[in-house]
Every structure is written in C-alpha cells, then in structure tokens.
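One structure is given below, encoded as structure tokens.
Coordinate-derived values only; no laboratory data. From a predicted model like this one, the values you see are computed outputs, not experimental measurements. Neighbour counts run over all protein chains shown; Cβ positions are idealised from the backbone, glycine included.
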C-alpha cells in the first residue's frame, strides 16, 4: 500500500513537471511577448520597445529556457529573490514567481483564492452525491414506472442546457426574482470570518453546480443500481430473508457506489481545478476566475500556478479514488 | 399419511414483456416430503428455476403473474405478503445457487454473510453468537480452519469452498426445505463429487426436504429419489428416479438420455440428438409442446399431438410414474426402438 | 441488463423465429426415430495406421509472476504447462481432460499460437514445421491449417458483424478465393453445419446458442483446416443441443479428414468423441492412452479418482456410490509440489513420490502413465515400478547399483513397452 502511494506520487511529480514545462515553453516560444504584461503594468500602459526589452531581460527571457526553468523549480522548493524594475522582492517558498500584472508573489494571491474554490467544490460536489445518488436509487427501484421515466427524461433536459445558461437562469430566478431566505449576496466571505455570510454567498453557486451535476449522478447511480439489483448476490440476500432496505442499501448500493465513486473523484478534481462559469456568474474570486483573467493578461506565473494547481487536484483526487476503491472493493489489490 | 412439506399445485408463472407474455411455468404440480429429494431436470427456459424461485416468493409482484398454489408447511405462499414471505425465506426454505462466486457478495466477509443470514431470523442473538454459529457451520461443511477462514472474502476461497460456504449459509437456520439450483454446474468433477457427498450427508443429518435443479442427468441419478422432467414450462414426466431414468415414458426424456454419452456405457451406443430448438415461451407450440421435435409423432393417430395437450397422468408402469404423452404404449417403443440404439448394453442386461 | 425479478424473456432463443422456422421444416419432413438414429453416431474409432499431423514435444508455458512494490521483479512462474508430449493422428482426435487450472486450455492456445511457448516443439503437418518457433509472419499460411472452436458461442462471435462477414473473414484475410466467390463459399459452409444458407446476412444475436456454435464451427472450417483445436466446444450448450453439435463434429471429421485436439472437462463427451485421451494434472500429462485403457483400465490414481467422481446415470435409485475421494484443492502452479505433482492429494503417495518425478512410462501398446505405483484400482504395486528404470532405490534415493534408462521421451508410442506384471520390456 505504502509503496503504491509512493509510486503514484512519483508518477504525479513527473506529470507536474511535464505540465509546467509545457506551459513554460508555450510562453517562451509562443507568439506573444511575455514581458509586455509586466511592462504595461509598471509603466501605466506606456510601454515603449526599449522598456519592453529591459523587462524582457529582467524577466530572464533572454537567458536559455532551461536555466530559467531550473530557477523556477528551485524557487518552488526554496524560495528566491526576484528583481524587477530595480525593486527586489523576496518570494518565499513555494515561490511561483511574481505576477506580471501586479508584481506581487503569485502564492500570496493564490492562498486567498484557494479557500473560495475549495468551498465551491466541496459544496457542489456534496450536492452531486446528496441529490444524485438518492434520486438514482429511488428511480432504480421504480425502474420502468412513469415516475422513473419522467425523472430520467426531465433530467436529460436539464443536462442538455448549456451550463452557463443554466447558471444565469439560476442567478436570475433565485437571486433576483425570488429572494430565497438563506441566499445572501453572491460572493465569497471566508468561513472563519462570518460563517453565515460564507454560506449565504455560496449557496446559489452550490445549488447551481449541484442541481446541474446531480443529473449525471442520478444517471450513473440509477444505472449502477439497476445492474447491482440484478446481481446474483442480491438475489441471495433476498433469499436469506433480509428486509428490503437491507437488500437495497447494504447489498446493492454498496456495490453500485464503486463506479459512482470513480467518476466522482475525477469530477471533484475538475471542480477543484476551477469552476470558471460559476465563479464568474456568482462573483466569487476563486482559482477559475483568476486563471481566466491571467490568460487574458498573459500573466505567465499565474497561468503556470493555476495549471499546476489543477494538475495537483486531479492527481490527488485520482489517487484518493483508487485508494477508496481498494477500501470499497476488497478484491482490488493495489500494485 | 402426513401432508408433504411442499405442495405445489397448478402453479403458473407469466411475465408480461414488450414482446408479449412469457409463459415461464404452466400448471405445474409436485410435492416434496421431509427427508426426500426431488430432482427437477430440464434445459434452459424449461421453467425449472422460475418455479423454484416462486416457492420463496422471489419474483417481483410487479412483473410476475403467479397463479395456483404453493403450500410450504401448510402455509400458502402465492399472494403472501412480503413480511410473511421474509420469515419463510432462509428460515423454512433456503436456496443455494449455481455460481457461488456471483451469489456471495464480493465486498463482505464470508463469515459476516453467514452471520447476517443467522441474525435476520434470530434477532435476539448477539453478533458474537452469530459469528460462533457461522464458524460452526463452516466447520460442518468441511472448510478447514473455519475460525480463520470466517474472516476471508469470497474471492479468497476456492470454487469448491465457496459452494460449501453457500451451503453453510443455506443451512444455518436449519431449514426444512433446501432448494439447490444447479449447485455443482460451475465446479470440477472431483469437487462436484465432494459437494454432492456433502449435500447428502447434510440432508440425512438435518432430515430436510431437498429440491435439486439440474440439467445433468448423472447428478440427478445419484441424488434424487424422485424426478420431475420439465419442458416448455410444464412437467412432462414425474416419478421415482430409477423408473424415470431406466424406463422413461416420455419421448423428451428419451431424447435427453440419448443426447448424453455415458462415461461407462457401451461405445457402440449412438448419440441421437433431439432435432431443433427448445420451444418459444412467448408462443408455445399447440398441443404437446414437444411435438415439433418429437420423432414419435407418427405413431399417434391423426394429428392429436399437434392439437391436443396430453395430460400428465399415470403411465403403464403404475400410479407413481406420470407421463404427458399420447403414445399408447410408450414402454414398448422405448424398449424396442430407443434402447437398442442408445444403450445396447442395457438391453442385454434386462 | 437483466433484472432479478425479470428473467430473460427467452433464455435460449431470442424472440426471432429461427427455431420456429426449423420446426416448420421438421414438420414437413418429419424424421422417424429410426431415421433420426441413423443420423446419430456411435463413439469414434481409433485408427492406428495414420501418421501424426501434430507432434508436441516437451512443451512448456511458464507465465512470469511479478512482485508488487516499486520495482516489479519476476518472483516466480506459473507453470501452466510444464513439459508435455503427445501426438495427434491425422484425421483422428486426441482428448485433453483435466480440471480447471490443469493447463489443458493453455495447451490449446499454444498450439494455435495465441501464446508463444516458453520451450518445446510443436511439429505440424507433412513438412513437420515447428509451430513453436515460427514468427507471426511465418505462421500466417499455417494458421489456415490450424483453427480453433471456442467454448462460449455468445462472446466468441462479433455481434456487429453478420454471419456472412464472420465466416467469410478468413477467406478475405488469406485471399484464397476471389471476392465474388466468398458468398457462395459462406453459404456452402452454412449448409455444411446445418444452418439455412440464406441467413448469411443475419447477426449472431438472431441465433440460438447451438446455432451460434455452428457458426463458430463454420468459421473454423472456412479454410479447410487440418487440425481443429476445440476448447470445451459443447459445455455451454443445453443437453439436447450438445448432441447435435457432437454429431456434427463427428460428421465433419469423417468428411474432411480433420484432426481434433478436443479439450473438455466432461469425461463422457471426451470418451465418445476421442479414441485417445490424455489426462492432465497441474501442467503435466499424468496418463495418456487409447479410450479403453483410460476408461476401463486407468493406471494413474488421479485418472481413477476423476472417473469415479463422474456421476453415473445408471446409479439411479442406488444412491451415491463409494468413490475415491480426493481431499483438498489443486496446489498452486506457481510453486508445485516436488517430484510427482499429484502426491499431495494421492492416496498412494510414498517417499519416492516427493523425491523423483515419475516419467511418462509406456506400459502397453497405446498406454502411458506417470506414476511410481501405476496399477489398476486395488492392484497398485507396493513397491515403485519405476525405481529400476530411474536408477533409484525404493525410497527414491540414487542407487549406484543400477543405471538409469531413458524413459518417456517419445511423444508417440514405441513398439516396445514396460510390462508391469513381468517388470520387463516386452513387445507385441
């Protein structure tokens, strides 16, 4: 087990290196002028070619890319001093560079944004399961009935709406037209500061993500349950004289959860990586929104940082899923 | 004479489907006494498993239409409520299934699955009691080191041990009727022999009634006191095992016997197949369901076979041996025509 | 997906009226039992005068077992097949029986080269080419001659291809007939295996299990093979359908002079189909002989136990017979017992069995057995019959007084054999 985790983490490290290297090279050899963002912000948008050349030199774009990449990776581990426009900034480990647009260490900004994204992801993903699985189980027990068919088709309709439209509609109806009692002004307030505002500000985002995402989970868990209910061991459980709920929940659901958990892990990782539409529409300063803006501003260090964060989120959630898998199914041996 | 423990009368099971009504079992009647073994033989789709599942009320009331009567220890099962059925299942009637790997839950330890079966019918027992009972049953069915193996998962057992565990689970509440649905089909022959020995020892010990469902005539021959042959959802021959297997009266039974080679029989014996395929249950043939495949239709006057369903009634060999066939003297046809082809050695003996 | 409460609508036959069609045909030309009996076959007879089409010598298949952990080292081998030798006569059939895990299916896959053997040779055909060492390129023309029939008629046919495409595919791959001749050949093959030739454009799911197995057989026949490896060809079929397929295979064998390696666990079916039978246990052949010697005069305790375990229809009403009970399970092929692999479950095992592996000793004109105490039931000798031949004493320790003789190296049968009664080499 331990060797397995180590092996997976090592593999993850390789993936992270490749991800950051490829983004690094994209900026290096891409068609844009990576120093312009910094130049614009430092000169209040009066960036002359000479100035640009200065910033290009200062940011290291005239050095070989390999040595700069080495500096970057070294900074993540030990931190480093970065000098721009005659000003030296101490960038503590994990140093992800200075933002080209603000000049502040990226990690400082990131720290304030991670809780917002994690809050959205945890809340939204919980609703995936809390709504999706029970509805799916209920539908599977009534397979083929009118209720089942209505549910399946109405959920199909929901999931065929483009998500951004769905989110806007939720915003319109629940925040503007009918003010729900627990819904506050959308936005992020740290949980530690004011739990009620934290909840009120995120509630709509959760509902939006949860309702939209749970349609898929209803489908998965309905399908997995239908399959599990037709397994021989469920028939055995019935033949033992177990009550219906033990048959459904202890025997069938336990088995049906395995495929659902697999998909959930990947979805949760994706949510952590950033929910761009949700953050944008509900005005939450999370990783997704940050990444979107950074791409627009060609702010390499932020793009790098968000990509690394997304990769870490996916790698870790995949690992957790696999570990969970071996806990849920004793036949699975990790190696 | 006491009433047999299980009495099935005119049992009919139909499943409405999109393609039409599946006539899985039609007007089936049989009974099993305490301490006796009934073998039910038939091919896939003959209704042998469907009828036995009805005994435990395992069919979904929403999808199955069941009529007729099934009396278990005097209690009517058809139409019985779910909560009363539950008291019957696993307690009065236990069932063991073909593929023990699929029939045991892969995520729970063998011991806890056994204990669960015990606890559900002994709500006052403690978990420790149930575990002790599980170990005792594992030991009883010949699993070595049962106190250790009780904490194994099913996949850690060999095929034979899984089937033993399945049997232990079936017998944990000392049921009066054990239904074994193809209990050895997935097993190797030496393991099959072990399991069949075990089943017989246990039956003697518990004095339970046993129904063994199989397509393997050899297994039936060794295990059953009585045999019911099913075809197209109906019983077509019913009688003492020796009678049915050595002096069968129904051409379908002849067909089964002539379709399987015998490991010790005459090598001059011919394998004579039954032509065609098993009947459609959606649209069963008129008259005798076997007539489209029967090679003896010509011996019956007119087109009786294709128009009139023969009744399951006593044949020439006595009141205990029933057959569903229009042939006037099936015993003679079997001895003069069939036996010389499929087992010439037996002819010389008799 | 099927529901527990919702049994398959029609397990054997899908709703399509294939079966009904056949029965209509039957109704028109109904066979009497006598005619039907004429179409049936008795057990296949042995021909001793033909040369072998396949000679397998010392064939081994060891699958590596790797450790878990950071570095995956090979920590052992599954000795699935460990040094087996036999011959299949041209147009004849050799049965390969044994319980799951004995290596019989692996052997079939080696011969069709789905696996590449670890060691040994498989000489095939008149030119005696060695299938074991050929590259895939060299094998391509040979694959026409060696075909396989699989157990499961439901998964071995591609559900998205028509029957015509399935049967015709080998013709196109090997470019044996021009494109416009493929269909007539497919229809001819369908007719040969007893299916309606007009059904070439149907899909596998429109056929019943028995009919699908016929399709599998037609596909195997497409290129006029010389050797068919049949791996449990009837065990997934209903009893009444099994006999149809066995009869069909017997007819095809006679008509096209096809040799069979018939792999099955059903000893009665093998007895009917194969004049010669090899019994495998844990990767080794423990006994190989003609039908009468195996089924009537088995000399190996495993063969005897296997045969006594088969339930017998004639036992009806007598209850269960006394049988040789084998305790426990088959040991792991990763670390098989030393000496004789059967010794851990053998009622006869003695010291020598753990020390020395018994050679496959020829004890009759067509009978070889690998046991130190070979003998019929109740007549096993008290001292090892092999000790003198192997140059060891009764306990299996090397005996300087005797010289070992080469035993059990010929994949076929010798003119001379070791007579158990006289303890001498004799000949016919």
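Once C-alpha pairs closer than 8 Å and six or more residues apart are averaged by separation and normalised to the residue number of chain C, the relative contact order reads 16 percent. Using C-alpha pairs below 8 Å separated by at least 6 residues, the relative contact order for chain B is 19 percent. Under the simplified labelling scheme, the residue A:43-residue A:325 pair shows an inter-label distance of 5.3 nm, with each label point 7 Å from Cα along Cα→Cβ.
Projecting label points 7 angstrom from Cα along Cα→Cβ for residue C:399 and residue C:75 puts them 4.2 nm apart. Cα centroid separation, segment B:247-326 to segment A:4-63: 84 Å. Over the C-alpha atoms of segment A:2-106, the Rg to Rh ratio, Rh being the Kirkwood estimate, stands at 1.05. When all alpha carbon pairs of segment B:101-174 are counted in 5 Å bins from zero, the resulting P(r) reads 3, 20, 33, 26, 13, 4, 1 %.
For segment C:227-342, just say rounded, prolate or oblate: build the C-alpha gyration tensor, square-root its eigenvalues into a ≥ b ≥ c, call rounded for a/c under 1.5, and beyond that prolate if a/b exceeds b/c, oblate if not. Before the final figure, lay out each step's value.
On the way: a/c = 1.92, a/b = 1.30, b/c = 1.47.
Since a/c reaches 1.5 but b/c is at least a/b, the shape of segment C:227-342 is classed as oblate.
Please give the FRET efficiency for residue A:21 paired with residue C:354, using the beta carbon to beta carbon distance and R0 = 51 Å, rounded to the nearest 0.05.
Details: r = 60 Å, r/R0 = 1.18.
Plugging the Cβ-Cβ distance into 1/(1 + (r/R0)^6) gives 0.25.
Per-residue packing, averaged as other Cβ atoms within 10 Å, sorts the ranges A:28-36, B:289-297 into the order B:289-297, A:28-36, beginning with the highest. Projected over all directions and averaged, the alpha-carbon convex hull of segment C:239-307 occupies 5.1 nm².
Of the DSSP beta bridges with both residues in the protein assembly as shown, give the percent that are antiparallel, rounding to the nearest 5. Of those bridges, close to 65 percent are antiparallel. Where only DSSP H runs of four or more residues are counted, chain B gives -9000 deg cm²/dmol as its mean residue ellipticity at 222 nm, each run worth -39500 (n - 2.57). Within segment A:244-335, the percentage of alpha carbon pairs spaced more than 23 angstrom apart rounds to 43%.
Give me the percent relative contact order of segment B:245-349, please, defined on Cα pairs under 8 angstrom at least 6 residues apart. Mind showing how you got there, number by number?
Details: 123 pairs, mean separation 33.9, N = 105.
Relative contact order here is 32 percent.
The mean count of C-beta atoms from other chains within 10 Å of the C-beta of residues in B:236-244, rounded to a whole number, is 2. Sorted ascending by nearby beta carbons within 10 Å, beginning with the fewest, A:332, B:41 become A:332, B:41.
Quick check on segment B:80-230: what are the equivalent-ellipsoid semi-axes from the Cα gyration tensor, as sqrt(5λ), descending, whole Å?
Working: eigenvalues 113, 75, 36 Å².
The answer is 24, 19, 13 Å, longest axis first.
What's log10 of I(q)/I(0) for the protein assembly as shown at q = 0.04 Å⁻¹, Debye sum over Cα points only, no solvent? So the normalised log intensities are -0.30. Reducing segment C:85-145 and segment A:270-328 to their Cα centroids gives an inter-centroid distance of 55 Å. Between residue B:205 and residue A:193, the distance separating the two model label sites (each 7 Å from Cα on the Cα→Cβ line) works out to 7.2 nm.
Binning the alpha carbon pair distances of segment A:115-300 at 5 angstrom intervals from zero yields the distribution 1, 8, 14, 16, 16, 14, 11, 8, 5, 4, 2, 0, 0, 0, expressed in whole percent.
Note on chain B: with a GNM built from Cα contacts shorter than 10 Å, the maximum mean-square fluctuation among B:252, B:30, B:108 falls on B:108.
Could you pull out which residues in segment B:302-339 have an amide N less than 20 Å from a spot 7 Å beyond the Cα of residue C:32, following the Cα-Cβ vector? So the set is B:302-306, B:326-339. The C-alpha atoms of chain A define a longest principal axis, and helix A:65-78 lies at about 70 degrees to it.
Remark: C-alpha extents of segment C:282-427 on the principal axes read 56, 36, 27 Å, sorted largest to smallest.
With viscosity 0.692 mPa s and temperature 37 °C, the Kirkwood radius over alpha carbon pairs of chain C converts through Stokes-Einstein to a diffusion coefficient of 139 µm²/s.
When all alpha-carbon pairs of segment A:92-184 are counted, what percent fall beyond 18 Å? List each step's numbers first, then the result.
Numbers: 2986 of 4278 pairs.
Result: 70 percent of Cα pairs exceed 18 Å.
The C-alpha radius of gyration of chain B, expressed as a fraction of 2.2 N^0.38 Å, stands at 1.05. Estimated from helical segments only, the mean residue ellipticity of chain C at 222 nm is -8000 deg cm²/dmol, where each DSSP H run of four or more residues counts as -39500 (n - 2.57).
Between residue A:333 and residue C:100, what FRET efficiency follows from the Cβ-Cβ distance if R0 is 22 Å, with the result rounded to 0.05? Please report the intermediate quantities before stating the final value.
On the way: r = 22 Å, r/R0 = 0.98.
So, using R0 = 22 Å, E works out to roughly 0.55.
Taking a point 7 Å from the Cα of residue C:65 along the Cα-to-Cβ direction, the residues of segment B:151-175 with backbone N closer than 18 Å to it are B:155-159.
Ranking C:340, A:91, C:353 by Cβ neighbours within 10 Å, fewest first, what do you get?
On the way: C:340 30, A:91 21, C:353 24.
Starting with the residue having the fewest Cβ neighbours, the order is A:91, C:353, C:340.
Ranking of A:197, C:99 by neighbouring Cβ atoms within 10 Å, starting from the fewest: A:197, C:99. In segment B:226-250, whose amide N lies under 15 Å from the spot 7 Å out along Cα-to-Cβ of residue B:331? List them in ranges. Zone members listed by number: B:239-240, B:242-250. Counting Cα-Cα pairs of chain A in 20 Å increments starting at 0 gives whole-percent bin shares of 25, 48, 23, 4, 0. Of all the options C:31, C:131, C:223, the one that moves most in a Gaussian network model of chain C with Cα springs shorter than 10 angstrom is C:31. Length gained on full extension, residue B:345 to residue B:62: 96.6 nm, using 0.36 nm per residue less the C-alpha separation. When the Gaussian network model of chain B links Cα atoms closer than 10 Å, the mean-square fluctuations of B:159, B:42, B:81 top out at B:81.
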